[in-house]
Amino acid sequence: MMKKLSRLLITLTIIIILTGCGTSVLEKRKITNNAINYFSAKYNINKKNIKINRNFLYGKDETCLDSCGENYLYINYNNEKFIIKYNPSEDYYGDNYQYNQIYEDFLKYLNTKFNYVNEIKIDSLDSDVIRTSNKYNGNLKDYFKNIKKHMYDDGKKQGFTWVKIWIEAKDETEAKELNQKYSKELITELEDLEVNYNITISTNSKTNEYSSFYHYHVYDSYFYLTDKVNNHRYSCKRSELKYRQCY
């Protein structure tokens, strides 16, 4: 009896592995074909030039013993590797084909716009890029607004992209002057882009909110400012920034 049960479990495991956590062969084939068609049409690429490396796509009726992981199709085009992501609940595809271009344009834009800051870093942009089906046409603000259309978690719009800005100040007096001079412009522009961000005014770029003169921590729908110069902490909803300056 135990031997029969063991063989049955082994057989079921093999079936699950071969069919992709329960997705039928026909469904997987359909999703895969649609993914290639999406990528080909979006970038005007001949489908014959797209090669599949690994296929981890699955449908919305997927059955998983634990977790099916990322819904990815790994492809090769023009001697480069890319990923097509499928969202089964909303039935749309995204990809990272334009990631490098978007990252470089975004970093250049921020450095030009805020040429008075000492350091700008962009984190987790790749997680946002791969989750949108919209094609980047050179307009960063439109692109980020389109990204937000698919950024939902528990009914709230969520995004992953973080912009981290550091402004160097040698002491509290200089920090106060810099904060008064630049904070409003920085916040207005970053809010318009609808990204998460940190703005740190400190003596060292690696300092955190507790060892900075001013540290803005803004993500999802929340806005926080730790003001060590005046020993005060401000907080509000980001939506309130349009109507009042809560910092």
Quiz item: Taking the range 196-247, which residues are more than 24 Å from the chain's Cα centre (by Cα), within 20 Å of PHE114 (Cα to Cα) and part of a strand (DSSP E or B)?
Solution: ILE201, SER202, TYR214
Quiz item: If the Cβ limit is 6 Å and pairs must be 6+ apart or interchain, which residue in the range 209-224 that is within 14 Å of ILE167 (Cβ to Cβ) pairs with which residue that is among the basic types (Lys, Arg) and modelled with pLDDT of 95 or more?
Solution: PHE213/LYS228
Exercise. Determine which member of the set GLU194, GLU209 is surrounded by 16 or more Cβ atoms within 10 Å (Cβ to Cβ) and at positive phi.
Key: GLU194
Self-check item: Residue satisfying all of: in the range 1-44; under 14 Å from LEU73 (Cβ atoms) and β-branched (Val, Ile, Thr); modelled with the lowest pLDDT among these
Solution: THR23
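The values are calculated or read from the model by the stated rules, or taken from the named source; none is laboratory data. Keep in mind that what you see is a predicted model, and the values were worked out from it rather than measured. All Cβ positions, even for glycine, are placed from backbone atoms using ideal geometry, and neighbour counts span all protein chains on display.
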